[in-house]
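Peer 1: I'd like to ask some things about the structure below.
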Amino acid sequence: MRRFVITVVAALAVVVAVSGAVLAGTGGGSSVTRARLERSLPTEFARLYADQAGLLGHRGVTPASLQARAMCDKGGAVEPDVGPGSNWICLVSWTDPNVPMPPEGYGKFEVDVHSNGCFTAGGPSKLVGFQTITDRRGREVTNPVYEFDGCFDPNGDNTPTGNEFPSVLNVTTTALLPDAERKVSLQLSCGTGSAGCQGTVSAAAGDTPLGTVPFDVSEELTTSLHFPTPVPQRAQSVTFTVTTTVGVGPTSPVTLPVPPARP
Amino acid sequence: MTTGTLPAEAGTTVPAVAARRPGLLAALRFETLKLRAQLRAKCLLIGAILVPIAVVVVVHSQPRPPKDTLFGRFATENGFAMALLVLGFATQWVLPLLTAIVAGDMFASEDQHGTWKTVLTRSTSRSTMFWAKTAVAIAFALVALTLLAASTIASSWLIVGHQPLTGLSGQTIAARSALELVSASWAVMALPIVGFTCLALLFSVWSRSAAVGIAAPVVLGLVMQLVGALGGIETLRPFLLSTPFEAWHGLLAAPRFTGPLLDAVVTSAGWSVVCLTAAFLILRRRDITGG
Amino acid sequence: MDTDPTVDSPVDAVDAVDVTKRYGDLVAVDHLSMRVAQGEIYGILGPNGAGKTTFLRMLFGLIRPDSGSIRLFGRTWAEAGVDVLDGVAGFVESPRFYPYLTGLQNLEALALLDGDDQRARIAEVLDIVDLTGRERDRVAGYSYGMRQRLGVAASLLREPRLLVLDEPANGLDPGGIRDMRALVKRLAGSGLTVLLSSHHMDEVEEICDNVTIMKRGAVAFHGTLTDLRAMAPDPGHRLGTTDDAHARRIAREAYPGVVVEPDPDGGLVATGSPARLSAYVADLVRAGIGLREFTPTETPLEALFFMLTDAGTTAERDVA
């Protein structure tokens with residue numbers, strides 16, 4: 001037993017020493033890059049989506065006709081877009097006459113990428129469907145695009161694709177909580193995208209304007225906007241109008257109820 | 001004791017050339033004779049045929065397929081996917097262990113039985129013994145791999161089916177092509193297996209212990225796999241002997257890519273050469289004091 | 001390369017010159033030189049740890065000497081590699097085989113390594129060592145003595161001209177020892193060159209012509225057995241009398257060349273030249289003292305052996 005432990009420890013020591021030398025010489029980069037993912041993911045997705053269209057009986061859908069494009073990002077604005085991880089997000093846009101794209105123009109895929117260049121991607125159920133779909137003959141079959149594995153060439157084309165998509169800005173507050181002075185704040189969340197979200201939000205309680213507050217949020221971050229004017233006593237709701245200069249915001253104003261004032 | 005004819009009278013001079021000169025072939029027959037008499041070799045080969053059948057049956061009957069391994073999600077519906085799933089399982093520790101059980105014992109068994117002094121005092125040199133043991137170890141590993149592959153592919157075909165396969169780039173692969181690609185994927189595993197065989201031979205010579213010769217390559221293989229999966233140090237991957245076990249991925253992609261395959265050839269060859277050289281030098285220089 | 005066949009004198013079977021082997025601070029073999037002519041029966045004697053086995057391992061190429069050369073039939077390992085062992089066979093320490101193979105399979109396997117399908121001879125050598133009938137049993141089930149005999153059989157399979165046996169009777173029961181010595185004697189008598197190592201003087205005494213006595217890696221004596229006998233001191237004789245005190249008085253008064261001491265195990269030990277002892281014993285009888293026992297405690301050569309090898313106390317001697 002002791003000999004076994006000594007052998008393994010010695011072997012590991014040799015391995016560690018050699019590894020250290022290799023890393024010192026080569027700098028420890030990665031073959032998992034944004035460009036490679038942006039080329040391989042939409043290509044595979046297009047083929048699988050065309051398979052799905054075949055199952056569903058949708059006509060006129062081929063991998064080429066979809067013209068799928070992707071923009072991939074790892075872990076928000078701060079983290080570099082290189083290396084394996086389960087926090088890769090790919091924004092994929094395609095053209096299918098049967099399924100229109102949302103206002104931002106893409107669907108969001110969550111991708112878990114491994115160091116060997118293989119990945120597992122999960123698609124947005126609103127656009128691609130759930131785990132199972134009903135084919136044109138009425139049978140329940142596995143949805144090929146809901147979740148799929150793929151591998152890309154670790155030595156593949158690494159030139160940037162230039163695909164950029166805007167971030168989606170969402171209002172995440174569902175109920176207003178005025179503070180002691182009856183001022184309200186609104187939480188915004190900026191999704192994955194190329195440039196983050198910028199713009200202004202105007203709030204009004206009935207006829208009373210509550211102010212216009214600008215925002216500048218990086219992708220995959222949230223922020224809280226505080227409106228300077230307090231909400232009038234008898235106001236029952238507040239309407240927020242979002243104007244985005246960078247990014248895609250809600251297309252219509254958001255109205256949130258105000259809880260009744262305590263007697 | 002009875003009388004019998006005793007050796008001839010001592011000559012007065014040395015004969016010019018000895019009548020017999022045993023070569024590598026004789027040593028190969030020697031090692032093969034020994035291996036065939038050992039139960040473990042037979043058990044391993046029989047296991048290589050039977051175990052995949054059991055695995056295919058068990059996985060096929062699972063309600064939820066194993067999604068964490070490539071092709072696992074199709075394994076219950078597609079025989080080719082099943083064969084590739086089993087391949088993925090096997091490369092984790094089964095293949096290194098399969099070869100290490102014989103190769104890790106090749107040299108250490110002589111130390112265990114004390115027979116170095118018996119075999120090295122015949123007419124066969126240390127080099128010839130070394131190469132014979134190496135050749136038999138590698139041949140065994142390749143035979144075991146072939147049996148494992150054939151059994152897996154055949155039982156997957158028969159039990160799960162031979163439907164068209166969805167490849168790693170979403171492409172649909174027809175059954176005939178799929179069979180070729182799956183067979184090629186299994187065949188490519190010969191490269192890292194030869195590497196691990198040589199590694200096990202090195203441990204066998206160096207440690208003189210069969211336990212170390214068998215376990216150390218497997219442990220080292222697992223450690224290398226873990227290291228290879230880490231981010232940030234991926235320039236190490238081409239140097240790890242566990243990386244060639246994934247070289248088959250490119251065969252199932254469209255377009256097919258062969259970079260990792262070529263890397264696998266270089267990596268496996270490199271490890272094999274280094275390990276065999278070290279093992280050879282250790283054996284040649286060793287003083288046989290035991291036995 | 002080899003000796004010129006036109007030269008008269010045949011090449012020595014073994015020619016070791018100044019062979020040394022060190023393990024760290026321990027000198028296992030210290031500048032040993034030795035020549036064994038063809039047809040000779042040669043003995044290497046020494047207590048355990050004297051370096052006999054180390055030297056034999058170097059002869060077989062199992063160990064590399066630090067300095068010096070060993071020639072077998074005129075060839076060194078450096079020149080000829082494993083060809084040096086042509087016509088050479090034997091074993092070092094107790095012979096080892098593959099326990100999971102039968103005796104017959106072991107011999108067949110070793111025959112492969114000799115480069116010949118010596119199948120025909122296998123039955124013959126098994127007969128010589130009296131293992132016929134047991135060859136299909138696994139070696140794992142063999143007794144110690146059977147394995148020794150299988151080792152001799154494996155050696156004979158090579159049709160050797162030089163047979164090197166390392167303590168062939170070691171570990172055997174008295175019957176096995178007797179049989180093994182008889183076998184070695186017969187082999188020696190057939191014209192083979194035999195190099196025998198042992199730590200029992202009487203074994204070597206029976207069959208060897210020449211002997212090297214080793215002590216802590218170095219040569220303590222080198223020469224023929226006749227020379228050795230000439231050097232031998234008078235051995236002590238155990239004396240059992242009916243009147244020990246009287247016997248001692250007679251020795252003190254009338255036989256200055258005879259030393260009579262009490263033996264710790266009881267009785268007396270008398271040491272002196274054979275002639276004086278005979279006269280002394282005759283005198284004891286004449287004086288009316290009864291003689292119960294008069295046996296040598298060790299052979300003259302054994303005595304010399306212990307002297308040369310510094311084997312120390314009686315306890316150590318018993319172990320050797």
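The values are calculated or read from the model by the stated rules, or taken from the named source; none is laboratory data. Just so it is clear, the structure is predicted and the values come from calculations on it, not from any experiment. In this analysis, Cβ positions are derived from the backbone assuming ideal geometry, glycine residues included, and neighbour counts consider all displayed protein chains.
Peer 1: Which of the residues that make up region C:152-173 are modelled with pLDDT of 85 or more and surrounded by fewer than 21 Cβ atoms within 10 Å (Cβ to Cβ)?
Peer 2: Result: C:Glu159, single match.
Peer 1: Continuing with the same structure: Give the number of residues within region C:153-165 that are at the interface with chain B (Cβ under 10 Å from one of its Cβ atoms) and not in a loop (DSSP other than H, G, I, E, B).
Peer 2: Summing the residues that are at the interface with chain B (Cβ under 10 Å from one of its Cβ atoms) and not in a loop (DSSP other than H, G, I, E, B) in region C:153-165 gives 6.
Peer 1: Let me ask another. If you check A:Asp216, A:Asp207, which single one turns out to be without any contact (Cβ under 8 Å) to a residue 24 or more places away in the chain and within 26 Å of A:Asn87 (Cβ to Cβ)?
Peer 2: Going through A:Asp216, A:Asp207 in turn, the sole match is A:Asp216.
Peer 1: Still on this structure: Among the residues that make up region B:137-156, is at least one of them closer than 30 Å to C:Ala89 by Cβ and not β-branched (Val, Ile, Thr)?
Peer 2: For region B:137-156, residues closer than 30 Å to C:Ala89 by Cβ and not β-branched (Val, Ile, Thr): present.
Peer 1: Among the residues of region C:241-252, is there at least one that is surrounded by fewer than 17 Cβ atoms within 10 Å (Cβ to Cβ), at pLDDT 85 or above, among the polar types (S, T, N, Q) and over 32 Å from the mean Cα position of the chain (by Cα)?
Peer 2: yes
Peer 1: Taking A:Asp179 and the conditions (1) within 30 Å of A:Pro232 (Cβ to Cβ); (2) surrounded by 19 or more Cβ atoms within 10 Å (Cβ to Cβ), which numbered condition does it fall short on, given that it satisfies the others?
Peer 2: The one condition A:Asp179 does not meet is (2).
Peer 1: Of all residues in region C:99-115, count the ones that are under 20 Å from B:Phe130 (Cα atoms), facing another protein chain (nearest Cβ under 7 Å) and out of contact with any Ser or Thr (no Cβ under 6 Å at 6 or more places or on another chain).
Peer 2: Summing the residues that are under 20 Å from B:Phe130 (Cα atoms), facing another protein chain (nearest Cβ under 7 Å) and out of contact with any Ser or Thr (no Cβ under 6 Å at 6 or more places or on another chain) in region C:99-115 gives 3.
Peer 1: Ok, one more. Within region A:113-140, work out how many residues are over 19 Å from B:Gln171 (Cβ atoms) and among the aliphatic types (A, V, I, L, M).
Peer 2: The qualifying residues number 3.
Peer 1: Go through region B:167-189 and give me each residue that's more than 14 Å from chain A (Cβ to nearest Cβ) and surrounded by fewer than 19 Cβ atoms within 10 Å (Cβ to Cβ).
Peer 2: B:Ala174, B:Ala175, B:Arg176, B:Ser177, B:Leu179, B:Glu180, B:Ser183, B:Ala184, B:Ala187
Peer 1: Of the residues B:Phe239, B:Phe280, B:Phe245, only one is surrounded by 15 or more Cβ atoms within 10 Å (Cβ to Cβ) and without any contact (Cβ under 8 Å) to a residue 60 or more places away in the chain; which?
Peer 2: Of the residues listed, the single one that is surrounded by 15 or more Cβ atoms within 10 Å (Cβ to Cβ) and without any contact (Cβ under 8 Å) to a residue 60 or more places away in the chain is B:Phe239.
Peer 1: Hey, can you tell me all the residues within region A:139-154 that are aromatic (Phe, Trp, Tyr) and not in a loop (DSSP other than H, G, I, E, B)?
Peer 2: Answer for region A:139-154, where residues must be aromatic (Phe, Trp, Tyr) and not in a loop (DSSP other than H, G, I, E, B): just A:Phe148.
Peer 1: Related question: Restrict the check to region C:273-296 and report whether at least one residue is within 27 Å of C:Phe221 (Cα to Cα) and in contact with a helix residue (DSSP H, G or I) (Cβ under 8 Å, 6 or more places away or on another chain).
Peer 2: Within region C:273-296, none of the residues are within 27 Å of C:Phe221 (Cα to Cα) and in contact with a helix residue (DSSP H, G or I) (Cβ under 8 Å, 6 or more places away or on another chain).
Let's see how each residue does on (1) at pLDDT below 90; (2) in a strand (DSSP E or B); (3) outside the structural domain of A:Leu41 (by TED's automatic domain parsing); (4) not polar (S, T, N, Q):
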{"position": "A:Glu79", "(1), (2), (3), (4)": "yes, no, no, yes"}
{"position": "A:Cys90", "(1), (2), (3), (4)": "no, yes, no, yes"}
{"position": "A:Phe109", "(1), (2), (3), (4)": "no, yes, no, yes"}
{"position": "A:Ser115", "(1), (2), (3), (4)": "no, no, no, no"}
{"position": "A:Leu127", "(1), (2), (3), (4)": "no, no, no, yes"}
{"position": "A:Arg137", "(1), (2), (3), (4)": "no, no, no, yes"}
{"position": "A:Gly156", "(1), (2), (3), (4)": "no, no, yes, yes"}
{"position": "A:Gly162", "(1), (2), (3), (4)": "no, no, yes, yes"}
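Peer 1: Sort through A:Gly29, A:Gly25 and tell me the only one that's within 27 Å of the chain's Cα centre (by Cα), surrounded by fewer than 17 Cβ atoms within 10 Å (Cβ to Cβ) and modelled with pLDDT under 80.
Peer 2: Of the residues listed, the single one that is within 27 Å of the chain's Cα centre (by Cα), surrounded by fewer than 17 Cβ atoms within 10 Å (Cβ to Cβ) and modelled with pLDDT under 80 is A:Gly29.
Peer 1: Could you say which residue among A:Arg47, A:Arg36, A:Arg59 is of a type in the set (Lys, Arg), within 14 Å of chain B (Cβ to nearest Cβ) and farther than 25 Å from B:Thr243 by Cβ?
Peer 2: Criteria check complete, one pass: A:Arg47.
Peer 1: Also, quick follow-up: When region C:254-311 is examined, which residues are found to be assigned to a helix (DSSP H, G or I) and closer than 24 Å to C:Ala50 by Cα?
Peer 2: Hits for region C:254-311 are C:Pro300, C:Leu301, C:Glu302, C:Ala303, C:Leu304, C:Phe305, C:Phe306, C:Met307, C:Leu308, C:Thr309.
Peer 1: Looking at (1) closer than 26 Å to B:Ala141 by Cβ; (2) away from chain A (no Cβ under 12 Å), which one does B:Val212 not meet, given that it meets all the others?
Peer 2: All conditions pass for B:Val212, except number (2).
Peer 1: With (1) buried (at least 19 other Cβ atoms within 10 Å of the Cβ); (2) assigned to a helix (DSSP H, G or I); (3) not hydroxyl-bearing (Ser, Thr, Tyr) as the list, and B:Val223 as the residue in question, which single condition is left unmet?
Peer 2: (1)
Peer 1: Every residue in region B:226-257 that is touching a helix residue (DSSP H, G or I) at 6+ places or on another chain (Cβ under 8 Å), facing another protein chain (nearest Cβ under 7 Å) and part of a loop (DSSP other than H, G, I, E, B), please.
Peer 2: Scanning region B:226-257 gives B:Ile233, B:Phe257.
Peer 1: Same structure, new question: If you scan region B:121-137, which residues turn out to be within 11 Å of another protein chain (Cβ to nearest Cβ), assigned to a helix (DSSP H, G or I) and over 26 Å from B:Leu148 (Cα atoms)?
Peer 2: B:Arg126, B:Ser127, B:Thr128, B:Met129
Peer 1: While we're looking at this one, here's another question. Which of the residues spanning region A:207-223 are exposed (fewer than 14 other Cβ atoms within 10 Å of the Cβ) and either of a type outside the set (Val, Ile, Thr) or not assigned by TED's automatic domain parsing to the domain that holds A:Ser185 (or both)?
Peer 2: A:Asp207, A:Pro209, A:Pro214, A:Asp216
Peer 1: Inspect region A:111-126 for any residue being in contact with a His (Cβ under 6 Å, 6 or more places away or on another chain) and not basic (Lys, Arg) and give the result as yes or no.
Peer 2: No, there is no match, as no residue in region A:111-126 is in contact with a His (Cβ under 6 Å, 6 or more places away or on another chain) and not basic (Lys, Arg).
Peer 1: If B:Thr118 satisfies every condition in (1) more than 14 Å from chain A (Cβ to nearest Cβ); (2) surrounded by fewer than 23 Cβ atoms within 10 Å (Cβ to Cβ) but one, which is the exception?
Peer 2: Of everything listed in (1) more than 14 Å from chain A (Cβ to nearest Cβ); (2) surrounded by fewer than 23 Cβ atoms within 10 Å (Cβ to Cβ), B:Thr118 misses just condition (2).
Peer 1: Okay, next question. Looking at C:Val184, is it more than 15 Å from B:Thr118 (Cα to Cα) and within 9 Å of chain B (Cβ to nearest Cβ)?
Peer 2: no
Peer 1: Next up: Let me confirm something: among B:Ser268, B:Ser207, which residue is in contact (Cβ under 8 Å) with a residue 24 or more places away in the chain and within 30 Å of A:Asp112 (Cβ to Cβ)?
Peer 2: B:Ser268
Peer 1: Out of region B:43-74, which residues are of a type in the set (Gly, Ala, Ser) and farther than 15 Å from A:Thr142 by Cα?
Peer 2: The answer is B:Gly47, B:Ala48, B:Ala54, B:Ser61.
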